[in-house]
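The values are calculated or read from the model by the stated rules, or taken from the named source; none is laboratory data. None of the values given here were measured: they were computed from a predicted structure. Using ideal geometry, Cβ is built from the backbone for each residue, glycine included, and neighbour counts are taken over all protein chains shown.
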Amino acid sequence: MNPSTAEAILIAANSLASLTSAGFCIAGMIRPGLALPKGMAVNGGTHLYANAYGARAIPLACVTLALFAMGNRSTVAPVLVVAGLAQIGDSVIGVQQRNRGMTVSAGLIGALHLASAWWFHMR
């Protein structure tokens with residue numbers, strides 16, 4: 001695979017991952033109970049967490065997408081590192097909450113962002 005094809009695939013995959021993350025975030029802000037284990041009640045803390053997550057996830061997804069759209073490769077790697085570490089943090093929260101979907105999806109997106117950051121940094 002040539003580097004331009006690999007770059008296009010990484011841009012598409014990371015863009016989709018960012019959109020997915022922002023989408024789950026918005027869904028969680030609308031219905032905070034989505035991220036809770038079955039039987040756990042929604043309370044003020046749940047709303048606070050959902051909104052705090054939104055305050056981080058939505059701008060981070062927008063910046064990531066904007067950098068790809070602008071073609072600014074020099075700043076993509078550091079932003080992907082931040083996005084990847086945030087996703088790894090979300091995966092850890094998923095483990096603590098026994099939320100398998102959050103654990104796996106955030107872990108995979110985090111790994112994608114971090115591996116892509118390495119790739120873009122090396123290019």
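Annotations for the structure displayed:
- Out of G84, G89, G94, G101, sole residue that is part of a helix (DSSP H, G or I), farther than 18 Å from A50 by Cβ and not aliphatic (A, V, I, L, M): G84
- Among the criteria (1) in a helix (DSSP H, G or I); (2) more than 18 Å from H121 (Cβ to Cβ); (3) at pLDDT below 95; (4) not small (G, A, S), the one E7 does not fulfil is (2).
- Scanning the stretch 4-32 for residues that are in contact with a Ser or Thr (Cβ under 9 Å, 6 or more places away or on another chain) and loosely packed, with under 14 Cβ neighbours inside 10 Å returns a single hit, T20.
- Hits in the stretch 44-55 (condition: surrounded by 12 or more Cβ atoms within 10 Å (Cβ to Cβ) and over 19 Å from the mean Cα position of the chain (by Cα)): T46, H47
- Filter result for A111 (in a helix (DSSP H, G or I) and within 20 Å of G28 (Cβ to Cβ)): no
- Unmet requirement for N51, which otherwise passes all of (1) in contact with a helix residue (DSSP H, G or I) (Cβ under 7 Å, 6 or more places away or on another chain); (2) modelled with pLDDT under 90; (3) more than 22 Å from L108 (Cα to Cα): (2)
- Lone unmet requirement of (1) at pLDDT below 95; (2) touching a Leu at 6+ places or on another chain (Cβ under 8 Å); (3) under 24 Å from L10 (Cβ atoms) for G84: (1)
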